[in-house]
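Below you'll find the structure, written out as structure tokens, and then a few comments.
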Amino acid sequence: MSDIDVLIIGAGHNGLVCAAYLAMNGMRVKVVERRDVVGGAAVTQEFHPGFRNSVAAYTVSLLNPQIIADLKLHDHGLRIVERRAQNFLPAPDGSHLLTGEGRTRASVARLSQRDAGNIDAFTRELETIADVLRAFVLRAPPNLVEGFGANSIAEALNALGTANILRGLTLEQQRILLDLFTRSAGDMLDERFESDLVKALFGFDAIVGNYASPYAAGSAYVMLHHAFGEVNGKKGVWGHAIGGMGAISEAMASAARAHGATIETDRGVREVIVERDRAVGAILDNGETVRAKYVVSNVNPKLLYTRLVPPDALPTPFVERIGRWQNGSGTFRMNVALSALPSFTALPDDGDHLSAGIIIAPSLDYMDRAWLDARQHGWSRAPVVEVLIPSTLDDSLSPKGQHVASLFCQHVAPQLPHGRSWDDYREEVADLMIATVEAYAPGFAASVIGRQALSPLDLERDFGLLGGDIFHGALTLNQLFSARPMLGHADYRGPLKGLYHCGAGAHPGGGVTGAPGHNAARVILRDHRALFG
Ligand SMILES: Cc1cc2nc3c(=O)[nH]c(=O)nc-3n(C[C@H](O)[C@H](O)[C@H](O)COP(=O)(O)OP(=O)(O)OC[C@H]3O[C@@H](n4cnc5c(N)ncnc54)[C@H](O)[C@@H]3O)c2cc1C
């Protein structure tokens with residue numbers, strides 16, 4: 001018999017959270033990670049000599065406060081600070097929008113009195129439905145099961161609990177919920193606002209990691225998905241983890257280890273071992289075999305089932321359906337080392353706006369065109385770029401007087417058309433991204449003294465994110481809640497006994513939340529107690 005209860009494949013932040021909860025509850029846990037560093041997409045690395053940054057995920061809000069408290073992440077070194085301003089949107093005509101506590105309304109009013117009158121009501125609508133999402137984040141969605149038995153009774157109770165949460169909403173709030181789950185962000189924003197920048201502020205959240213037009217049905221949900229977070233108790237706010245996103249993963253790994261979990265890097269899994277319809281361990285890339293009572297996957301579900309689990313171990317309809325799992329968030333990620341802070345034409349001075357998420361996408365039409373262009377050409381020639389300069393809040397990332405910036409660029413094709421490879425176009429597209437910022441902040445290009453560019457292909461190769469999908473699968477209605485990763489498997493249990501999902505491909509989806517890891521651990525503990533008391 002193995003001396004390991006649980007083998008977790010992947011030390012992404014969700015794998016680490018799952019490990020920590022299981023170890024905390026007395027289980028013997030081993031995590032094996034393919035890369036030489038823990039954290040998956042939530043990682044801090046030196047990308048240019050002397051310059052460190054959160055090289056993939058770059059900003060924090062969705063990380064669940066219950067998980068921070070349960071794992072005592074602050075005791076393990078985690079410190080999160082708020083941005084001094086939330087978002088800064090410069091426009092080509094020299095106007096701008098600057099948001100954040102106490103300043104949003106006045107800034108909106110300078111663009112449109114009408115929008116200033118409407119923004120609080122819309123924010124309240126979003127906040128009310130975001131509260132519903134918050135109530136669902138740390139619980140498994142109702143799972144569809146066939147037949148009648150203990151499991152179907154448990155799921156009926158879960159469905160009742162879900163209905164009860166929804167019953168707390170007024171009828172009008174339920175209508176808004178339906179809108180936000182099904183409609184396009186663009187249509188909803190056009191109905192409420194007239195200023196392009198105000199619409200772009202919300203519309204940007206609808207296309208982050210979502211390779212779609214802001215006018216695509218379902219994009220309003222992605223906007224909502226970016227609104228259910230909080231920083232230090234302030235809802236809807238985004239912040240920075242001192243030391244970068246890797247500091248979050250390091251704190252989680254430290255918590256897991258403190259409870260006895262073992263975490264090994266440079267240990268990729270080549271194959272999940274299946275015996276008599278049960279997952280019983282894995283063969284590593286180095287040929288080593290690790291056996292365990294339970295196997296938990298932190299990797300993208302399509303990667304798990306099309307590359308790691310032998311196909312003949314799975315029901316054919318399952319293999320076919322997971323093969324259709326939609327990946328590809330259409331994002332291009334850059335890290336740049338800067339000799340100086342940028343100066344934006346729309347607000348040239350040094351100020352709080354430089355600690356904000358700086359969104360270069362001045363209208364919904366701009367975002368719509370960006371998507372269309374990327375569909376046809378392979379990338380948008382007028383791309384959407386968010387610039388974040390974490391060194392304005394954290395002096396541990398760059399040499400004194402110099403800075404690091406994340407450029408999160410939307411709307412590049414996950415796979416280039418006409419058989420072209422991202423390896424041949426990465427640098428050209430990276431130049432375009434820098435030129436796009438330069439148009440709003442002259443001198444920016446000259447201040448770049450080092451850069452790292454990650455195409456969708458790089459995100460797949462380096463991080464195991466299939467199609468470069470930052471969420472382990474699109475956040476579309478057919479891949480959410482009870483359908484994530486598939487109807488019948490929303491309870492974190494895979495189609496094989498002993499196999500579980502703890503990554504972003506499970507509810508509630510992508511983002512640095514820790515929630516899938518938490519929820520999977522709960523189910524595994526329940527199953528373990530049912531078997532072993
Ligand atoms: C460019 C980018 C920007 C983002 N920005 C943000 C942001 O600012 N804020 C935010 O909240 N979210 C952001 N996200 C989304 C968020 O980072 C992810 O959804 C989340 O980190 C996923 O966590 P995870 O633990 O489920 O999976 P992952 O982080 O993907 O971890 C999975 C782990 O499994 C490992 N693995 C893969 N294959 C194997 C194998 N065969 N054997 C062993 N290990 C394996 C991987 O190396 C990885 O470490 C961003 C993501 C990306 C890529």
**Q.** Helix 171-182 axis, angle to the chain major axis (alpha carbon atoms, nearest 10°)
**A.** 90
(Q) With angles folded into 0 to 90 degrees, how steeply does helix 150-167 sit against the dominant principal axis of the chain? Use alpha carbons for both and round to 10. (A) 20
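Among bridges DSSP assigns within segment 1-67, what percent are antiparallel (round to 5)? Please report the intermediate quantities before stating the final value.
Numbers: 4 of 9 bridges.
Taking every DSSP beta bridge with both residues in segment 1-67, the antiparallel ones total about 45 percent.
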**Q.** For Ile360, residues with placed amide H under 5 Å, excluding near neighbours
**A.** Val385, Glu386, Val387
Q | Three-way shape call for segment 266-422 based on the alpha-carbon gyration tensor, with the a/c threshold at 1.5 | A | oblate
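Counting alpha carbon pairs within less than 8 Å and at least 6 residues apart, what relative contact order, in whole percent, applies to the chain? Could the numbers behind the result be given before it?
Details: 1224 pairs, mean separation 129.9, N = 533.
Relative contact order for the chain comes out at 24 percent.
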Q: Compute the long axis of helix 426-438 from its Cα atoms, compare it with the longest principal axis of the Cα atoms of the chain, and write down the angle in degrees, 0 to 90, nearest 10.
A: 40
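So for the chain: antiparallel DSSP bridges make up what percent, rounded to the nearest 5? Please report the intermediate quantities before stating the final value.
Numbers: 48 of 66 bridges.
Antiparallel bridges: around 75 percent, rounded to the nearest 5.
Trypsin sites (Lys or Arg not before Pro), restricted to segment 318-350: which are DSSP loop and have at most 13 other Cβ atoms within 10 Å? Present the calculation step by step, with values, prior to reporting the outcome.
Details: sites: Arg321, Arg324, Arg333; in loops: Arg324.
Sites meeting the loop and neighbour criteria: Arg324.
Report Rg/Rh for segment 420-533, rounded to two decimals, where Rg is the Cα radius of gyration and Rh the Kirkwood radius.
On the way: Rg = 20.1 Å, Rh = 17.1 Å.
That ratio equals 1.18.
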Q: Please turn the phi angles of segment 497-502 into ³J(HN,Hα) values with the Karplus equation 6.51 cos²θ - 1.76 cosθ + 1.60 (θ = phi - 60°), one per residue in order, whole Hz, x for glycine and proline.
A: 4, x, 10, 10, 10, 10
Q | Pairwise centroid distance, computed over Cα atoms, of segment 379-407 with segment 463-489, Å | A | 28
Q: Taking DSSP loops as anything outside H, G, I, E and B, show the longest stretch in the chain free of GluC sites (Glu not before Pro) there with at most 14 other beta carbons within 10 Å.
A: 289-533
**Q.** Distant alpha-carbon pairs in segment 148-227 (separation over 21 angstrom), percent
**A.** 43
Q) What figure in square angstrom, to the nearest 10, would you give for the accessible area of Asp423 with a 1.4 Å probe? A) 70
Q) Using θ = phi - 60° and the Karplus form 6.51 cos²θ - 1.76 cosθ + 1.60, what ³J(HN,Hα) does each residue of segment 243-258 get, whole Hz, x for Gly and Pro? A) x, x, 4, x, 5, 5, 5, 4, 5, 5, 4, 5, 5, 4, 5, 4
Q. What whole-number value in Å² describes the accessible area per residue of the chain for a 1.4 Å probe?
A. 38
Q | Qualifying trypsin sites (Lys or Arg not before Pro) for segment 259-288 [loop in DSSP, other Cβ within 10 Å: at most 12] | A | Arg276
Q: Mind checking which lysines have their Cα closer than 18 Å to the Cα of Lys234? Skip sequence neighbours fewer than 8 apart in that chain.
A: none
**Q.** Electrostatic dipole magnitude of the chain [Cβ: Lys, Arg +1; Asp, Glu -1; Cα centre; debye, to 20]
**A.** 1280
Q | Other-chain or far-sequence residues with amide H under 5 Å of Ile449's (modelled H) | A | Ala337, Leu338, Ser339
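Kindly provide the trypsin sites (Lys or Arg not before Pro) of segment 156-188 that DSSP labels as loop, not H, G, I, E or B, and whose Cβ sees at most 11 other Cβ atoms within 10 Å. Numbers along the way, then the final one.
Working: sites: Arg167, Arg175, Arg183; in loops: Arg183.
Qualifying residues, ordered by number: none.
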**Q.** Three-way shape label, segment 51-172, alpha-carbon gyration tensor, a/c 1.5
**A.** oblate
Q) One-quarter of the Cα convex hull surface for the chain, in nm²? A) 23.8
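Against the 2.2 N^0.38 Å scaling, with N counting residues, where does segment 332-441 land? I'd like the Cα-based Rg ratio to two decimal places.
Numbers: Rg = 15.0 Å, N = 110, 2.2 N^0.38 = 13.1 Å.
In units of the 2.2 N^0.38 Å rule of thumb, it is 1.14.
Measure up Lys199/Lys235; Lys235/Lys497; Lys72/Lys302 against 30 Å on the Cα-Cα distance and list the ones that go over. Mind dumping the intermediate values first?
Numbers: Lys199/Lys235 20 Å; Lys235/Lys497 39 Å; Lys72/Lys302 33 Å.
From the list (Lys199/Lys235; Lys235/Lys497; Lys72/Lys302), the Cα-Cα distance tops 30 Å for Lys235/Lys497; Lys72/Lys302.
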Q: Could you pull the accessible area for Lys497 with a 1.4 Å probe, rounded to 10 Å²?
A: 120
Q: Normalising by the residue count of segment 10-69, find the relative contact order in percent from Cα pairs under 8 Å and 6+ residues apart.
A: 28
Q) Using a 1.4 angstrom probe and counting only protein chains, how large is the accessible area of Val137 in Å², to 10? A) 10
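The values are calculated or read from the model by the stated rules, or taken from the named source; none is laboratory data. Not measured: the values here are computed from a predicted model. Because the Cβ atoms are built from the backbone with ideal geometry, glycine has one as well, and the counts that use them run over all protein chains shown. Accessible surface areas use protein heavy atoms only, side chains included; no ligands, DNA or RNA. Shrake-Rupley method; radii C 1.70, N 1.55, O 1.52, S 1.80 Å.
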